[in-house]
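Structure first, commentary second.
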Amino acid sequence: MTLAGKGPPTLPLPFDAPASAPPAHALTIPALSLWQPFASLVVDGVKPIETRLSATAFRGRFVICATKKLAPKRFYSDVLRRLAEAGEDPEAYGPKNVQRGVILGIVELVECRPMTEADEPKAWVSRLTDEGDLRWAWVLSPNVVRLKPAPVKGGQFWFRVPASRCLPEAA
């Protein structure tokens, strides 16, 4: 099912699917790839707003994947500076300590709206791009399911991953 014909469909996950669901190998789950350290910040619940240059009608759960490529240096440096200012250890999110090219977790998109200045601390970026374009705030639920990291080849926007590869991390 899609909302207004836009966005990927939402599907049950293999660990909460009803008995009548198709086999897990037949299911796929919507996914987005994020640069590190943003992917880890989202999965750790530190970044509850993802930003994009466009809106989406999609609402529901999707997989967060870390790209193989790190965020551009100026974004990465800004995140590490903000972590230090907040009294957090920036090395925990340093380039040598974040996983890349893997599935990290499942989040739920609950709202999409134009980003406000008040959103900036939760999004970890300015509401305006360098060109002056307004970003969209993709507001995430605080309920995150951590997954066992599994290699993934992502895409620029929405793509799909097999549900069978989305296994919850052991408690």
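All of the numbers you see were taken from the coordinates with simple rules; none came from a lab. Note that the structure is a prediction, hence the values are computed from the model and not measured. Every residue, glycine as well, gets a Cβ built from its backbone with ideal geometry; the counts of neighbours run over all protein chains shown.
Restricting attention to the range 39-63, the residues that are of a type in the set (D, E, K, R), closer than 27 Å to SER164 by Cβ and part of a loop (DSSP other than H, G, I, E, B) total 2. Scoring VAL102 on the criteria (1) in contact with an Asp or Glu (Cβ under 9 Å, 6 or more places away or on another chain); (2) in contact (Cβ under 8 Å) with a residue 24 or more places away in the chain leaves a single failure, condition (1). If you check LEU109, LEU104 for being part of a strand (DSSP E or B), crowded, with 16+ Cβ neighbours inside 10 Å and touching a Gly at 6+ places or on another chain (Cβ under 8 Å), only one passes: LEU109. Within the range 42-59, can one find any residue that is under 17 Å from GLN156 (Cα atoms), surrounded by 19 or more Cβ atoms within 10 Å (Cβ to Cβ), of a type in the set (D, E, K, R) and out of contact with any Pro (no Cβ under 9 Å at 6 or more places or on another chain)? So far as the range 42-59 goes, yes, one or more of its residues are under 17 Å from GLN156 (Cα atoms), surrounded by 19 or more Cβ atoms within 10 Å (Cβ to Cβ), of a type in the set (D, E, K, R) and out of contact with any Pro (no Cβ under 9 Å at 6 or more places or on another chain).
Here's a check for you: in the range 128-138, which residue that is without any contact (Cβ under 8 Å) to a residue 40 or more places away in the chain and not acidic (Asp, Glu) is surrounded by the fewest Cβ atoms within 10 Å (Cβ to Cβ)?
So, considering only residues that are without any contact (Cβ under 8 Å) to a residue 40 or more places away in the chain and not acidic (Asp, Glu), the one surrounded by the fewest Cβ atoms within 10 Å (Cβ to Cβ) is GLY132.
Restricting the range 141-150 to residues that are touching a strand residue (DSSP E or B) at 6+ places or on another chain (Cβ under 6 Å) and not β-branched (Val, Ile, Thr) leaves a set whose member that is surrounded by the most Cβ atoms within 10 Å (Cβ to Cβ) is LEU147.
Does ARG135 qualify as being over 20 Å from THR28 (Cα atoms) and touching a Lys or Arg at 6+ places or on another chain (Cβ under 7 Å)? In short, yes.
Does any residue of the range 129-138 turn out to be small (Gly, Ala, Ser) and within 25 Å of GLU169 (Cβ to Cβ)? Looking through the range 129-138, none of the residues is small (Gly, Ala, Ser) and within 25 Å of GLU169 (Cβ to Cβ).
Restricting attention to the range 117-171, the residues being among the hydrophobic types (A, V, I, L, M, F, W, C) and in a helix (DSSP H, G or I) number 3.
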